[in-house]
Amino acid sequence: MTADQLHARVLHRDTECFVIDKPAGLAVHKAGRITDHLELYLPHLAEADGDGLIGDGRIGEPPKLAHRLDRDTAGCLILGRTPWALKRFGQMFAAGHVEKTYWAVAEGIPDADSGVIDLPLLKKIEPKSSLGASRSSWTILPDPAGQPAVTEYRVLGTSADGRSWLELRPRTGRTHQIRVHCAAIGCPLVGEPFYGPERRPPGNLHLLARSVAFRMAFEHAPVSAVAPAPKHMRDALSACGWQGE
């Protein structure tokens, strides 16, 4: 990703943070066999832009991840520009003080037009196999012994072929929460490689971190940012009644 390409994805900037529109398919950091990831390109945002930094006075240092998005999820990602901002975001996410809204297109239509999915989730780790697996793997499963996980949903539209356009607001922040919760109510996301009825190649997940809203402190102005629908989701959204931005 070039500097111009990354700067074009900035949805909000101030002296404490950026909100960027992360492209689908790009991991946010190195993990396992992943070698291409967002952190490699964050120095582009440290290049001279005329606004400097406040707080500890550091100028020209790259911002850092304030939270995570799945590799195949597009949309709003918050980056902290100062140590104070990163600490503050950690507190705000833990307390649920960052409002996050997602859009998704699902295979299937929920029974109710809106509702709450309250289903604990457990991370299950599969050890290395004697049959040739080079490393352990993991998956997320609904399980009463898992961590509490709650997602609000609302149906924004449906298509003639049985898909639904969903607005989702996670009250908790578990790994793959929205994806597993949607699959659990019989509505796996379009392009879902792991939690649908069959395994599919990754890269076409119809999940967008549509917006974020927060206020870092009383003396700071409220911040809100909205990410555009990515190209790979637009046809499916349109079929469900979306009429563009």
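The values are calculated or read from the model by the stated rules, or taken from the named source; none is laboratory data. In this text the structure is predicted, and so the values were computed from the model without any measurement. Using ideal geometry, Cβ is built from the backbone for each residue, glycine included, and neighbour counts are taken over all protein chains shown. For accessibility, only protein heavy atoms count, side chains too; no ligands or nucleic acids. Shrake-Rupley method; radii C 1.70, N 1.55, O 1.52, S 1.80 Å.
The distance between label points at residue 64 and residue 116 comes to 3.5 nm (points 7 Å beyond Cα on the Cα→Cβ vector). For the residue pairs 22/231; 22/124; 64/124; 30/100; 64/123, the C-alpha atoms sit more than 21 angstrom apart in 22/124; 64/124; 30/100; 64/123. Taking a Cβ cut-off of under 15 Å around residue 99, the surrounding Lys, Arg, Asp and Glu residues balance to a net charge of +4, with basic ones at +1 and acidic ones at -1. Share of carbon and sulfur in the accessible area of the stretch 120-245 stands at 52%, probe radius 1.4 Å.
With the whole protein complex present, residue 97 retains an accessible surface near 110 Å², based on a 1.4 Å probe.
Using the Cβ of residue 109 as centre and a radius below 13 Å, the other residues enclosed give a net charge of -2, where K and R count +1 and D and E count -1. Does the stretch 86-245 classify as rounded, prolate or oblate by the C-alpha gyration tensor (a ≥ b ≥ c root eigenvalues; a/c under 1.5 gives rounded; else a/b over b/c gives prolate, otherwise oblate)? Oblate is the answer for the stretch 86-245, as a/c is 1.5 or above yet b/c matches or exceeds a/b. Note on residue 36 and residue 160: the model spin-label points, each 7 Å out from Cα along the C-beta direction, lie 3.7 nm apart. Remark: the chain carries 52 Å² of accessible area per residue (probe radius 1.4 Å; ligands, DNA and RNA excluded).
Sorting 124, 22, 100, 231 on solvent-accessible area from highest to lowest, probe radius 1.4 Å, gives 231, 124, 100, 22.
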